[in-house]
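Here the structure is laid out as C-alpha cells; the discussion comes afterwards.
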Amino acid sequence: MKSIKRRRWTWPVVILVAAASIGALSFLFLKERFVMNEISPTVSFVQNHMTNPNGTLASYLQDAASEQADIVAGREALSESLGLWMQYAVAKNDQTLFEQSYELLTTYFLMPQKYIAWKLGTEGKAHVTTNALGDDFRIVDALLKAADQWEQGREAKLAIAAEISRTLNQSVQNEGYFVDFHDFKGGYSPDTLSLVYVDLPALQQMEQHEMLQSGTYAKYEYLLKSMPDDGVFYPKTFNVVTKAYTYDDKVNLIDQLIVANHLTSTNRKPDKLIAFLKKEFETRHQLPGQYERINRTPGVAYESPSVYGLAILLAVRTGDPKWAKQLYNHMIAMRGQDPNYPGGYVFEGNTHMFDNLFPLLGETELRKFLKK
C-alpha cells in the first residue's frame, strides 16, 4: 500500500519572541488585579485580519504559495480552524457566529461524499481528498452542542452531524479503530491513530446522539486510560494493527496538552504532566513549545500561545483557578505586541490561526469558570 505523508500536524509555531521579556511582563501582571475583557480582542483580530473574502479562516496572516498539498501555507483554510471557531461560538453562546461557520462547513468544507476536506485553497476549493479525524470530531461535537443549545436549524445540524459520523464509521477506520485520515480518492487508510485525535468529549456526544455504536466511547476511554506514559509525557500514536504505542523523541506540548485535556473526561487524571508543567512554569517563568523527552529539557527556545490556551483549558477542567489565572496573565502579555494587529498573537509580522484560536478558547472557558 502506498504511504501518504500528511505533515499538517507539525504545529508550525512562528513565535520567536524574547522569552525573558515575556516572562518578566507576565509576572508583573501577576502583581496586579486580575482583569478579563468580556469580549476578547482576539475575536476582532480574527475577523478583521485572518478571514478570507469568502469567509473562510486563513491559516497564516501573511500569504504564501503552497508548495506541497500536505503542508498548509499562507491564506489556505483548515478544517481545524473551522472546528475551533465553531467551538468558540458554542462556548460564547453566539448563535449568529455559529450559523456563519455552519454555512462555511456546508458550502466549502463538506464534500459530496460527506467527508470534510482538511484543507481548502484561498478560493474555497479543496485540492486534497483526505480528511483529518480530530478536526471531524471537533466539528461534529460543535454541531451536536449547537443543536442542543439552539432550536433554530436543529434538525439540519443533526442531519449533517449524522452524515459526517456515518462517513467516519464506514471509511475512516482500520482494524475496528478510527485512524488519522482516509484518502477518498485513493481508498487508503493508515494504521495509526494519533492520540490527540481521541476526542472523548466528542465521542461521548456522538454516542449519546446515537451516531456511534453503543460501547464505542468506552473503547476509546479505555484506550486513553490504559496508554503508558514515561513518567511525564504521553505517546504520540497508537498502531491499530500491532496495538503498540510510539513516543516522539522531542515532544510537542500542544499534543501533550490536547491528550491531557481529553484525559480529564476519565478517572485517570494527568497529574504527572500537570506537576511537571507547574514546576517548569515556576522555575523558567515560561513553557517552551517542545521538550526533549529523555532529559526533560526544552527542545526549542520559542513559546506558543496555543500552549498557554490549552494549559488554561486544562487548569479549568481540573479545577485550578490560581494556575489558570497565572497562565492567562502570561498569555495575554504575548498578545497585541504588534500595534498593527491589536488582539492578535502576531510576531515578526505573522501568526498561525491556531495560535489565536486556542488562546481564545482558553480565555473563554476561564471566564465562564470564574463566573460560576
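The values are calculated or read from the model by the stated rules, or taken from the named source; none is laboratory data. The shown structure was predicted, so the numbers you read here are calculated from the model rather than taken from an experiment. Note that we place each Cβ from the backbone using ideal geometry, even for glycine, and neighbour counts take in every protein chain shown. With ligands, DNA and RNA removed, areas are computed over all heavy atoms of the protein, side chains included. Shrake-Rupley method; radii C 1.70, N 1.55, O 1.52, S 1.80 Å.
Taking K278, is it surrounded by fewer than 24 Cβ atoms within 10 Å (Cβ to Cβ), out of contact with any Gly (no Cβ under 6 Å at 6 or more places or on another chain), among the basic types (K, R) and without any contact (Cβ under 8 Å) to a residue 60 or more places away in the chain?
Criteria met by K278.
Quick check, is K114 touching a Phe, Trp or Tyr at 6+ places or on another chain (Cβ under 9 Å), open to solvent by 50 Å² or more (accessible area, probe 1.4 Å) and assigned to a loop (DSSP other than H, G, I, E, B)?
For K114, the condition - touching a Phe, Trp or Tyr at 6+ places or on another chain (Cβ under 9 Å), open to solvent by 50 Å² or more (accessible area, probe 1.4 Å) and assigned to a loop (DSSP other than H, G, I, E, B) - is not met.
Open to solvent by 30 Å² or more (accessible area, probe 1.4 Å), touching a strand residue (DSSP E or B) at 6+ places or on another chain (Cβ under 7 Å) and of a type in the set (D, E), is that true of E348?
It is false that E348 is open to solvent by 30 Å² or more (accessible area, probe 1.4 Å), touching a strand residue (DSSP E or B) at 6+ places or on another chain (Cβ under 7 Å) and of a type in the set (D, E).
Quick one: in the range 245-263, which of the residues that are out of contact with any Leu (no Cβ under 7 Å at 6 or more places or on another chain) and closer than 17 Å to Y197 by Cβ is surrounded by the fewest Cβ atoms within 10 Å (Cβ to Cβ)?
Among them, the one singled out is T246.
Pairs under 7 Å by beta carbon, first residue closer than 23 Å to I294 by Cβ in the range 216-234, partner of a type in the set (F, W, Y) and open to solvent by less than 40 Å² (accessible area, probe 1.4 Å), six or more apart or different chains?
Matching pairs, first to second residue: M227/Y234; V232/F276.
Of the conditions (1) in contact (Cβ under 8 Å) with a residue 24 or more places away in the chain; (2) open to solvent by 10 Å² or more (accessible area, probe 1.4 Å); (3) more than 19 Å from E76 (Cα to Cα); (4) outside any loop (DSSP other than H, G, I, E, B), Q170 fails just one. Which one is it?
(1)
Tell me which residues, restricted to the range 117-156, are in a loop (DSSP other than H, G, I, E, B), open to solvent by less than 50 Å² (accessible area, probe 1.4 Å), within 15 Å of Y102 (Cα to Cα) and in contact (Cβ under 8 Å) with a residue 40 or more places away in the chain.
Within the range 117-156, G124, W150, G153 meet the criteria.
For the range 197-214, how many residues meet the condition of being open to solvent by less than 20 Å² (accessible area, probe 1.4 Å) and assigned to a helix (DSSP H, G or I)?
Residues flagged as open to solvent by less than 20 Å² (accessible area, probe 1.4 Å) and assigned to a helix (DSSP H, G or I) within the range 197-214 amount to 5.
Could you tell me whether A159 is without any contact (Cβ under 8 Å) to a residue 40 or more places away in the chain, closer than 16 Å to Y115 by Cα and in a helix (DSSP H, G or I)?
Judged against the criteria, A159 is a match.
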